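The values are calculated or read from the model by the stated rules, or taken from the named source; none is laboratory data. Note that the structure is a prediction, hence the values are computed from the model and not measured. Neighbour counts are summed over all protein chains in view; Cβ atoms, including those assigned to glycine, are modelled from backbone coordinates with ideal geometry. Side chains are part of the model used for accessible areas, which takes the heavy atoms of the whole protein and leaves out ligands, DNA and RNA. Shrake-Rupley method; radii C 1.70, N 1.55, O 1.52, S 1.80 Å.
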Amino acid sequence: MGQDIASSHFTEQDYAAFTERLSAETALLGQWLADGCLEAPVPTGGFELEVWLVGPDMAPAGRVEALLERLDDPLVVPELATFNAEINGTPVVLRGDALSQLAVELTATLSRCSAAAAGLDARLAMIGILPTVAPRHLTVAHMTPRARYRALNDRILALRHERPLTLDIQGRNRLTLEWHDVMLEAAATSFQIHFKVAADAGARLYNASKIVSAPMVAIGANSPFLFGRDLWDETRVPLFEQAVSVGGPVLQERVNFGFRYAEDSIMETFQANLDRYPVLMPQLMDKPPEQLAHLRLHNGTIWRWNRPLIGFDEAGRPHLRIEHRVLPAGPSVPDCIANAALYFGAAVDLLREEDRPEHRLPFLQARAGFYTCAREGLEAQIQWLDGRIHPVRAILSQDLLPRARRGLQTLGLDRGEIDHWIGILDQRLALGRTGARWQRVWVQRHGPDMPGLVAAYLERQRDGRPVHEWTL
């Protein structure tokens with residue numbers, strides 16, 4: 001959920017001063033982009049993985065503070081709830097065996113975390129929504145004690161004039177309820193992929209990321225169950241959108257797919273941040289405008305499914321990256337890295353096309369396809385670049401997986417590396433076995449025993465094999 005802040009209590013003067021600084025920093029970023037001042041890096045990739053802490057009863061275990069103390073690892077940080085943590089990967093240049101480097105580091109970090117968790121009588125789970133999470137776990141009593149989260153909760157409820165949040169998800173079953181805080185968001189954990197590119201390619205990469213979002217969520221779905229209800233293949237999508245809804249104009253909703261493609265520059269998104277989104281956390285920072293501290297904090301409270309980010313390297317040089325947020329956590333490390341391979345490769349191939357794909361797939365169709373694929377997974381049918389409706393499985397097998405191979409080759413990844421990681425997706429697609437599909441079939445065979453499902457899931461996750469090899 002982003003950087004921490006010093007306080008959760010603010011005055012009208014704080015909001016006014018923050019907005020003034022945000023405006024100045026937004027103008028400065030616009031000038032930098034116009035003048036070509038951002039770093040032009042070699043394409044680089046990284047990730048963030050959100051995980052669950054699970055107790056012996058297979059339910060969420062609120063022990064993250066003790067876990068972080070034992071680890072003392074800057075790559076592992078807290079999240080909204082005391083039973084979630086975030087694992088960060090070291091960015092790598094996307095060439096050679098870069099994907100395997102990401103996998104080796106993630107496996108090693110998970111191993112350290114699992115050892116520390118075992119000493120707390122807990123285990124780690126990589127899964128979009130833990131099937132055993134219950135309403136009693138999603139209360140402010142389980143909020144991680146950080147000012148950022150208290151401020152987020154207070155401000156969203158204030159923008160809603162203290163009206164309760166409403167959750168209404170119609171899937172295979174229907175779930176409706178009212179909630180009085182933002183803790184529902186803690187039930188949704190993600191694998192977020194970061195792609196650093198030159199700023200002049202930012203708009204096209206942003207658009208390509210939106211175009212691939214529908215097939216990506218279809219092949220990566222891993223969140224079918226919430227509170228015992230069988231909902232969407234990727235229930236995390238409507239859950240997150242509704243969990244932090246400010247309840248006002250749709251243009252101000254904090255989690256969204258967007259409302260159009262970028263036309264000329266990624267700057268359009270940062271300008272929209274200033275023009276459309278009320279400030280949630282007006283923490284004033286004693287930093288020069290050139291660090292864009294207020295712009296970055298504000299951007300961190302707008303959770304687009306594809307989000308541009310401004311970062312700085314150790315020398316203080318600014319750069320642009322796109323954060324692709326559509327994927328859930330899990331089911332395994334190989335599955336996560338294979339998903340990243342598909343995203344990196346397909347996006348690169350799309351942004352290199354002279355006949356721009358955003359001119360061939362209307363934005364409204366890209367957005368509709370995303371929600372259709374989140375709901376129906378690999379059974380979805382969506383419009384694609386030729387203007388026709390296709391099964392998403394055909395789009396993946398006949399277009400996106402070949403594109404991913406080409407794109408990864410363009411980036412300079414080794415042939416064996418490409419064959420290995422895209423091969424995992426070939427097998428997943430051939431069997432139709434996503435994490436969501438595996439969970440549903442397990443329940444069909446064994447009944448709606450959610451602790452049993454989690455135990456079986458964790459046993460297979462521990463083996464480290466991709467989900468298409470999991471037994472039932």
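Averaged over residues, the count of other Cβ atoms within 10 Å places the peptides 182-193, 214-225 in the sequence 214-225, 182-193, highest first.
Close amide H partners of Ser190, meaning residues 5 or more places away or on another chain with modelled amide H under 5 Å apart, are Glu50, Ala329.
Based on the reciprocal of the average 1/r between different C-alpha atoms, the Kirkwood radius for the chain equals 22.4 Å. Mean projected area of the Cα convex hull of the stretch 9-110, taken over all directions, amounts to 10.5 nm². Could you tell me the convex hull volume per residue, in Å³, taken over the Cα atoms of the stretch 150-232? Considering the Cα atoms of the stretch 150-232, their hull volume per residue is 152 Å³. When only alpha carbons are used to place a centre, the stretch 130-176 and the stretch 373-388 end up 30 Å from one another. Protection proxy ranking for 237-250, 436-449, using the average of other Cβ atoms within 10 Å per residue and placing the highest first: 237-250, 436-449.
Mind running the shape call on the stretch 376-472? Use the C-alpha gyration tensor, a ≥ b ≥ c as the square roots of the eigenvalues: rounded below 1.5 for a/c, prolate if a/b tops b/c, oblate otherwise. In terms of gyration-tensor shape, oblate. Considering only alpha-carbon pairs that sit under 8 angstrom and 6 or more positions apart, the relative contact order computed for the stretch 271-346 is 18 percent.
Normalised by the number of residues in the chain, the mean separation of alpha-carbon contacts (under 8 Å, six or more apart) gives a relative contact order of 21 percent.
Could you sort Glu459, Glu353, Glu20 by their accessible area in this structure, using a 1.4 Å probe and putting the largest first?
Details: Glu459 90, Glu353 40, Glu20 135 Å².
Greatest to least solvent exposure: Glu20, Glu459, Glu353.
By accessible area, using a 1.4 Å probe on protein heavy atoms only, the stretch 161-219 has 45% of its surface on carbon and sulfur. Would you mind classifying the stretch 103-161 by shape? Square roots of the alpha carbon gyration tensor eigenvalues, ordered a ≥ b ≥ c; an a/c under 1.5 is rounded, otherwise it is prolate if a/b is larger than b/c and oblate if not. It comes out prolate by the Cα gyration axes.
For the stretch 164-180, the Karplus equation 6.51 cos²θ - 1.76 cosθ + 1.60, evaluated at θ = phi - 60°, returns couplings of x, 6, 10, 10, 9, 10, 9, x, 5, 10, 10, 10, 10, 6, 10, 9, 10 Hz by residue, with Gly and Pro reported as x. The Cα trace of the stretch 272-366 gives Rg and Dmax of 17.0, 46 Å, the first to one decimal, the second as a whole number. Computed on the stretch 140-212, with alpha-carbon pairs under 8 angstrom and 6+ residues apart, the relative contact order is 21 percent. Computed with a 1.4 Å probe over protein heavy atoms only, the accessible surface of the chain comes to 38 Å² per residue.
The phi torsions of the stretch 419-434, fed into the Karplus equation with coefficients 6.51, -1.76 and 1.60 and a -60° offset, translate into couplings of 4, 5, 6, 6, x, 4, 6, 4, 6, 4, 5, 4, 8, x, 10, 7 Hz, rounded to whole numbers, with Gly and Pro shown as x.
Take the solvent-accessible surface of the protein heavy atoms, probe 1.4 Å, and return the percent of it on the stretch 1-97 that carbon and sulfur atoms account for. Answer for the stretch 1-97: carbon and sulfur cover 51 percent of the accessible area.
Estimated from helical segments only, the mean residue ellipticity of the chain at 222 nm is -13500 deg cm²/dmol, where each DSSP H run of four or more residues counts as -39500 (n - 2.57). Suppose each label sits 7 Å from its Cα in the direction of the beta carbon; what would the Phe312-Phe363 distance come out to in nanometres? About 3.1 nm separates the two model spin labels.
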